[in-house]
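These notes concern the structure reproduced below.
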Amino acid sequence: MSDFLVRRMTAADLPGVLRVQAECYRSDLLEGMQAFASRLALAPATCWVATSCNEHPDLVAYLFTHPWPQGSLPPLDGVLAPSMHDDADAAALTWFVHDMAVAPAGRGAGLAMRLYEGALQAALDAGLRHSRLIAVQSAARWWRRLGYAPIASQADFACADKLAGYGPDAVMMERVLAR
């Protein structure tokens, strides 16, 4: 098994992110460079990547997370303003786990958990105590193992129209974060 380096994401990683995304997601879930760059700019401490440890490292996994107002959802493939939560109290924000993907070359090495743990620590350090995500492509089972549970009534959720944009199998999930 190859060794991998897990670290915070930089803007130079974004082309590799797009490549991994294309390997892992169906076409209606693909997001563009501007959307990813805005998420990285919004919360660089909670966006992480994994690269191979060889002479020419390849990006094999990524995770985008960021603070977000509790009662809403960020748009799929939307550009987020860098100052959208500057004056918000951490208690009014949720740690939104936006996107994680592990390319076939990185699967089976525990990279998803390593990415998540790195970003989680940064979120806790920022004072965030609640998390939400949208599980797609049958990923809800994996997220359940980390303590996430589906939001009780997805149809009644205030942002049901945005949730529908993530596809018919999308599941909104949440959990309380423990220090």
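The values are calculated or read from the model by the stated rules, or taken from the named source; none is laboratory data. The structure displayed is predicted, hence computed values, not measured ones. Positions of Cβ are generated from backbone atoms using ideal geometry, with glycine treated the same way; all protein chains shown enter the neighbour counts.
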**OP:** Scan region 111-135 residue by residue and report those that are over 14 Å from ALA43 (Cβ atoms), free of Cβ contacts under 8 Å to residues at least 60 places away in the same chain and in a helix (DSSP H, G or I).
**Re:** ALA112, MET113, TYR116, GLU117
Subject >> Hits in region 11-60 - residues which are β-branched (Val, Ile, Thr) and within 19 Å of ALA126 (Cα to Cα) >> reply: THR46
Original post:
Which of (1) crowded, with 21+ Cβ neighbours inside 10 Å; (2) of a type outside the set (Lys, Arg); (3) at pLDDT 95 or above does LEU42 not meet, given it meets every other one?
Top reply: (3)
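Report yes if ALA43 is over 25 Å from SER138 (Cα atoms), of a type in the set (Gly, Ala, Ser) and touching a strand residue (DSSP E or B) at 6+ places or on another chain (Cβ under 9 Å), otherwise no. If you could, list the steps in order and put the result at the bottom.
Numbers: over 25 Å from SER138 (Cα atoms): yes; of a type in the set (Gly, Ala, Ser): yes; touching a strand residue (DSSP E or B) at 6+ places or on another chain (Cβ under 9 Å): yes.
Spelling it out, ALA43 is indeed over 25 Å from SER138 (Cα atoms), of a type in the set (Gly, Ala, Ser) and touching a strand residue (DSSP E or B) at 6+ places or on another chain (Cβ under 9 Å).
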**OP:** Would you mention how many residues in region 1-37 are more than 21 Å from LEU76 (Cβ to Cβ), in contact (Cβ under 8 Å) with a residue 60 or more places away in the chain and not charged (D, E, K, R)?
**Re:** 4
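Being assigned to a loop (DSSP other than H, G, I, E, B) and either touching a residue at least 60 places away in the same chain (Cβ under 8 Å) or touching a Lys or Arg at 6+ places or on another chain (Cβ under 8 Å) (or both): is that true of LEU146 here?
Numbers: assigned to a loop (DSSP other than H, G, I, E, B): yes; either touching a residue at least 60 places away in the same chain (Cβ under 8 Å) or touching a Lys or Arg at 6+ places or on another chain (Cβ under 8 Å) (or both): yes.
So LEU146 passes the test.
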**OP:** Take the residues in region 48-60 that are in a loop (DSSP other than H, G, I, E, B) and either in contact with a Cys (Cβ under 6 Å, 6 or more places away or on another chain) or at pLDDT 85 or above (or both), then tell me which one is nearest to ASP13 (Cα to Cα).
**Re:** ASP58
**OP:** Working only within region 24-80, note down all residues that are farther than 17 Å from VAL97 by Cα and basic (Lys, Arg).
**Re:** ARG26
Original post:
Can you tell me which residues in region 24-54 are in contact with a Gly (Cβ under 7 Å, 6 or more places away or on another chain) and among the charged types (D, E, K, R)?
Top reply: ASP28
Original post:
Among LEU73, LEU80, LEU40, LEU63, which is within 22 Å of LEU177 (Cα to Cα), in contact (Cβ under 8 Å) with a residue 24 or more places away in the chain and assigned to a loop (DSSP other than H, G, I, E, B)?
Top reply: LEU73
Original post:
What is the one condition in (1) more than 24 Å from SER27 (Cα to Cα); (2) touching a Cys at 6+ places or on another chain (Cβ under 8 Å); (3) crowded, with 21+ Cβ neighbours inside 10 Å that LEU63 does not satisfy?
Top reply: (1)
